[in-house]
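Worksheet: the structure to be examined is printed underneath.
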Amino acid sequence: MSQQIEFYYDIASPFSYLAWHRLNQLVSEYDAQLTLMPVALADVFTETGNRSPAQVQAKAKYLRRDIDRYANRYRVNFTLNPHFPIDTNLIMRIALVAQENDALEQYTGALFDAMWSDGKNLADESVIKQVLEASDMPSNWLDKAKDASYQAQLNTTTKAAVDRGVFGAPTMFANGEMLFGQDRIWVIDELLGARSPF
């Protein structure tokens, strides 16, 4: 039975983008299973009293260099999106539509790349539809996601994440361990390789 990694993320998070790519590398290496858990990061911050590192000038400056460091380490293309920060609530609701259609992995990869590799303005609904169509997904998923039921579902999944201890993104659960931040993925590497990380 393959080991499972649960991945809580929001497309708004550049650190989630890095984690997404590195986790997929590990899943392939160890034949593990990655379970995607989309959440509304802004609501996680509100519920936990946390805030974006981008709001702390010194931290934002440091982390900008750190992102480049890890992107190089993981051999991942990274472009600081000129439209960042953006409200990704609609994007994360569309993720739930994609999940209903067994396309969450495809959707997540396409939106992460559009946001953090291609620098697209995902606050623009017409751009979101273009990304969907270019990735062989129906553009009408955007319109469907505007139904209030998807907002309610996103609220529920986000609250469940907070209740579990999630306070930011990315957050991963592996072998019963909660790990926050893409810079803790080395622990998952050790766990999947049956090596003690401590």
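The values are calculated or read from the model by the stated rules, or taken from the named source; none is laboratory data. Every value quoted in this text rests on a predicted model; they were computed, and no experiment measured them. All Cβ positions, even for glycine, are placed from backbone atoms using ideal geometry, and neighbour counts span all protein chains on display. In case anyone asks, the SASA skips ligands and DNA or RNA and just uses the protein heavy atoms, side chains included. Shrake-Rupley method; radii C 1.70, N 1.55, O 1.52, S 1.80 Å.
Miscellaneous remarks
- Every residue from region 1-22 that is open to solvent by 10 Å² or more (accessible area, probe 1.4 Å), among the aliphatic types (A, V, I, L, M) and under 10 Å from the mean Cα position of the chain (by Cα): ALA12
- Among helices (runs of 4 or more DSSP H) entirely within region 1-118, having at least 3 residues that are in contact with a Pro (Cβ under 8 Å, 6 or more places away or on another chain) singles out 14-30, 57-74, 89-100, 104-116.
- Flag for ALA42 being within 16 Å of the chain's Cα centre (by Cα) and either at pLDDT below 90 or under 30 Å from SER2 (Cβ atoms) (or both): no
- Only listed residue being hydroxyl-bearing (Ser, Thr, Tyr), open to solvent by 60 Å² or more (accessible area, probe 1.4 Å) and under 22 Å from LYS159 (Cβ atoms), chosen from THR88, THR46, THR35: THR46
- Criterion (modelled with pLDDT of 95 or more, among the charged types (D, E, K, R) and closer than 26 Å to THR157 by Cβ) met by exactly one of GLU100, GLU133: GLU100
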